[in-house]
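To keep things clear, I will list the structure first and then write my remarks on it.
The values are calculated or read from the model by the stated rules, or taken from the named source; none is laboratory data. The structure presented is a predicted model; accordingly, all values stated were derived computationally and were not measured. Cβ coordinates were reconstructed from backbone atoms using ideal geometry, including for glycine residues, and neighbour counts include every protein chain displayed. Protein only, heavy atoms only, side chains kept; ligands, DNA and RNA dropped before computing areas. Shrake-Rupley method; radii C 1.70, N 1.55, O 1.52, S 1.80 Å.
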Amino acid sequence: MSFLARCITQSGYRLVKEATKVNSVCQAAQTVRLSQSSRCLSTVPDNLLFRQLFDQESYTYTYLLADTERKEAILIDPVVELVKRDVQLIRDLGLKLAFALNTHVHADHVTGTGKLKKELACKSVIAEVSGAEADVKVKDGDTIPFGEHSLKVLSTPGHTSGCLTYVFYHNGKAVAAFTGDALLIRGCGRTDFQQGDSSLLYDMVHGKILSLPESTLLYPAHDYNGQTVTTVGEEKKLNPRLTKSKEEFVKIMETLNLPYPKAIDRALPANMVCGQYEVPEETKT
């Protein structure tokens, strides 16, 4: 299903979302144009660049944000097999990657942060409580700068003990949040492994993510149905799990009976050491 192109032209602020399909989108970056609808930003700084990238194997979204004047960039949730794509895009745009961030220790893919460090001399970032290796270990309330911009770190455990949500503010208002697996579009991350806790996840999502302004854009780490973005307001009304009571939510999560993650035995050991353990040979060149 093709994504609808959206645009914004207020005061010359322009960012682009290219139409694409989930089954082929991993071959190219999406340029996201954040619109002035109820689903999109009312205002964005003219020096903000935003790209949403996709991996069709793990259904992972990788996000590139940059200050176009200072040329400083950050990358959220890179995938090791697609580091070449990310490096090429960053170089094509004349950017310097300052930080490669993970929202948590992933179980479905190997992070690209270790390889990005070698290619672009950036610093890796992960939650301090995750126990994983990284150059920068963050906690709730920290900020991650890139040029004149920054992301605020929110600790949102429950899917794993080290889950983070990164929030972008403009003029003092939260306008976009990168929620990892804590909150997905019409769903949430599973809680049956990696120190998962359904009750805690419910509290964190409601207390820290769904408490943001209803117009706040929410960008998840994954989507399996061809969607790219949602809002706080939408999820408060339409999320089939998180609109339930806490007791109902916990029961739902206990009875999902999901299969054992097929990549977990490879991904977890690698991601605990910044993606540099048993990385396939084809990704090392």
Does THR228 satisfy being in contact (Cβ under 8 Å) with a residue 60 or more places away in the chain and under 18 Å from the mean Cα position of the chain (by Cα)? yes
If you check ALA127 against the conditions, is it within 25 Å of THR231 (Cα to Cα), within 13 Å of the chain's Cα centre (by Cα) and open to solvent by less than 10 Å² (accessible area, probe 1.4 Å)? no
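Could you say which residue among VAL136, VAL87 is within 18 Å of ASN271 (Cα to Cα), at pLDDT 95 or above and either open to solvent by 10 Å² or more (accessible area, probe 1.4 Å) or not basic (Lys, Arg) (or both)?
The conditions single out VAL136.
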Does any residue in region 203-216 that is over 14 Å from ILE185 (Cβ atoms) come within less than 9 Å, Cβ to Cβ, of a residue that is of a type outside the set (Ser, Thr, Tyr) and at pLDDT below 95 six or more places away or on a different chain, and which pairs are these? SER215/ARG39; SER215/CYS40; SER215/LEU41
Lone qualifier among SER35, SER24 - being more than 29 Å from ALA267 (Cα to Cα), modelled with pLDDT under 50 and within 20 Å of the chain's Cα centre (by Cα): SER35
Every pair of residues 6+ apart whose Cβ atoms lie under 9 Å, when the first sits in region 188-200 and is over 11 Å from ILE252 (Cβ atoms) and without any contact (Cβ under 8 Å) to a residue 60 or more places away in the chain while the second is in a loop (DSSP other than H, G, I, E, B) and of a type in the set (Lys, Arg): GLY196/ARG190
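Does GLN194 fit the bill of being closer than 24 Å to THR62 by Cα, at pLDDT below 95 and open to solvent by 50 Å² or more (accessible area, probe 1.4 Å)?
No.
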For residues that are assigned to a loop (DSSP other than H, G, I, E, B) and in contact with a helix residue (DSSP H, G or I) (Cβ under 6 Å, 6 or more places away or on another chain), scanning just region 95-108, find the one that is surrounded by the most Cβ atoms within 10 Å (Cβ to Cβ). HIS106
